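The values are calculated or read from the model by the stated rules, or taken from the named source; none is laboratory data. What you see is a predicted model, and the numbers here were worked out from it, not measured in a lab. Ideal geometry is used to build each Cβ from the backbone, glycine not excepted, and the neighbour counts take in all protein chains shown.
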Amino acid sequence: MKVLICNQPGELSYVEKETPVASPGHALLKIKRVGICGTDLHAFEGTQPYFSYPRVLGHELAAEVLTVDANSAFKPGDTVTLIPYINCGKCVACRAGKTNCCSSIQVLGVHTDGGMAEYIEVPERLLLSANGLSLDELALIEPLAIGAHGVRRAAVSKGEFVLVIGAGPIGLGAMEFARIAGGKVIALDINPKRLTFCGEKLKIDHIINALTADVTAQLMEITGGDMPTVVIDATGNQKAINNAFQYMAHGARFVLIGLQKGDISFSHPEFHKREAALMSSRNATREDFDHVITAIKNKLINPLIYITHRVKFDDAATQFASWLNPEAGVVKAIIEFA
Ligand SMILES: NC(=O)c1ccc[n+]([C@@H]2O[C@H](COP(=O)([O-])OP(=O)(O)OC[C@H]3O[C@@H](n4cnc5c(N)ncnc54)[C@H](O)[C@@H]3O)[C@@H](O)[C@H]2O)c1
Ligand SMILES: [Zn+2]
Ligand SMILES: [Zn+2]
């Protein structure tokens, strides 16, 4: 089979490998779509922490089942997506149902080889039925589930002001699921193109450009002086995260979906007086994936609007570098397989 390998930062090449055979409890999948996310781009750039090379990238997948155990709920020919986090099932997090933060989690395309290949063998228990969704929609489920998980962590309730900082694919998903939860969403970014996308495609009511506006004054005005009771970071920018502590209402929750190297710092008295809660949000669970699938089926979100770039598998190696250029305006690029 043909496999696209990232040998080292900046270097992608096609190699021929033995097609895997599904071992018991596993399924052999024929890859149909791979969504590209920041993790893949940063791995290619060489800026992704804890990353080792060579690695086959790709964890946002849509595929067809080729072989699977006879007693599986799936059968050959089924269209699927999958939860690309291989959890151990035994650690303290797994025992508590927090499979998303398993202490020895292996993410496909990060810790172990991913889906930029014609075929992949995966544990059957991680498959999700297409449920009538298209291949493109299926490839968007994982990044949307990341945002959905962050919103679930925040326990957004109807009528709350939810500030989402960072309007990349992850933040956009958080905005959509905050809206679905009944939140009044405020989008904050420094990239005018991305903010325009929020307004035009996602119909977000409140949009703030942190470069040109007095953010605190704007938030005060929008929230009638209360400030947002939920703040979600989806920038992964240290300065943005440290700043955001001051945007919280008294009694607010601050959820960090975005991830950055280094320490966070904030004023303890300011944090204390708010009795604020700070939470990280890692990956997503099956419940989040199911929530995303239902939301797409019920037409509460349309993931197809995220797709800005599309390429055939054979051309992915040459196109990849161009997606790193901010001028390309990539929200979601998709690799299409025959
Ligand atoms: N929780 C998880 O499991 C998980 C999974 C995937 C990605 N992530 C993280 O989520 C974050 C977002 O991912 P993405 O793919 O959407 O990234 P992205 O780079 O496409 O988007 C980030 C956005 O933040 C904006 N931004 C940067 N600095 C800012 C600032 N100071 N103020 C306001 N906005 C600012 C950028 O303009 C950009 O639009 C990253 O940190 C990524 O590592 C987390
Ligand atoms: Zn991703
Ligand atoms: Zn575990």
Within segment 203-222, restricting attention to residues that are in contact with a strand residue (DSSP E or B) (Cβ under 6 Å, 6 or more places away or on another chain) and part of a loop (DSSP other than H, G, I, E, B), which residue is nearest to Met248 (Cα to Cα)?
Ala210
Taking segment 232-280 on its own, how many of its residues are surrounded by 13 or more Cβ atoms within 10 Å (Cβ to Cβ) and part of a loop (DSSP other than H, G, I, E, B)?
14
Quick one: would you say Phe44 is in a helix (DSSP H, G or I) and either over 28 Å from Ile293 (Cβ atoms) or more than 16 Å from ligand 2 (Cβ to nearest atom) (or both)?
yes
Quick test for you: out of Ala167, Ala145, pick the one residue that is at pLDDT 95 or above, within 29 Å of Ile222 (Cβ to Cβ), out of contact with any Gly (no Cβ under 9 Å at 6 or more places or on another chain) and more than 16 Å from ligand 3 (Cβ to nearest atom).
Ala167
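Would you confirm whether any residue within segment 271-294 is among the polar types (S, T, N, Q), more than 15 Å from the chain's Cα centre (by Cα) and outside the structural domain of Trp323 (by TED's automatic domain parsing)?
Yes.
Each row is one residue, and each column tells you yes or no for (1) within 16 Å of ligand 3 (Cβ to nearest atom); (2) of a type in the set (Ser, Thr, Tyr).
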site	(1), (2)
Thr112	yes, yes
Asp136	no, no
Ala139	no, no
His149	no, no
Ser157	no, yes
Leu163	no, no
Leu202	no, no
Assess whether His309 counts as being in the same structural domain as Asn87 (by TED's automatic domain parsing) and touching a residue at least 24 places away in the same chain (Cβ under 8 Å).
yes
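Residue-wise test of (1) assigned to a helix (DSSP H, G or I); (2) modelled with pLDDT of 95 or more; (3) within 14 Å of Ile301 (Cβ to Cβ); (4) outside the structural domain of Phe254 (by TED's automatic domain parsing).
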{"position": "Leu128", "(1), (2), (3), (4)": "no, yes, no, yes"}
{"position": "Asn131", "(1), (2), (3), (4)": "no, no, no, yes"}
{"position": "Arg153", "(1), (2), (3), (4)": "yes, yes, no, no"}
{"position": "Val156", "(1), (2), (3), (4)": "no, yes, no, no"}
{"position": "Val162", "(1), (2), (3), (4)": "no, yes, no, no"}
{"position": "Gly173", "(1), (2), (3), (4)": "yes, yes, yes, no"}
{"position": "Phe177", "(1), (2), (3), (4)": "yes, yes, yes, no"}
{"position": "Gly182", "(1), (2), (3), (4)": "no, yes, no, no"}
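Determine whether segment 166-178 contains at least one residue that is more than 10 Å from ligand 1 (Cβ to nearest atom) and in contact with a Cys (Cβ under 9 Å, 6 or more places away or on another chain).
yes
Of everything in segment 90-110, what is in contact (Cβ under 8 Å) with a residue 12 or more places away in the chain, assigned to a loop (DSSP other than H, G, I, E, B) and within 13 Å of ligand 3 (Cβ to nearest atom)? Give them in sequence order.
Cys91, Gly97, Lys98, Cys102, Ser103, Ser104, Ile105
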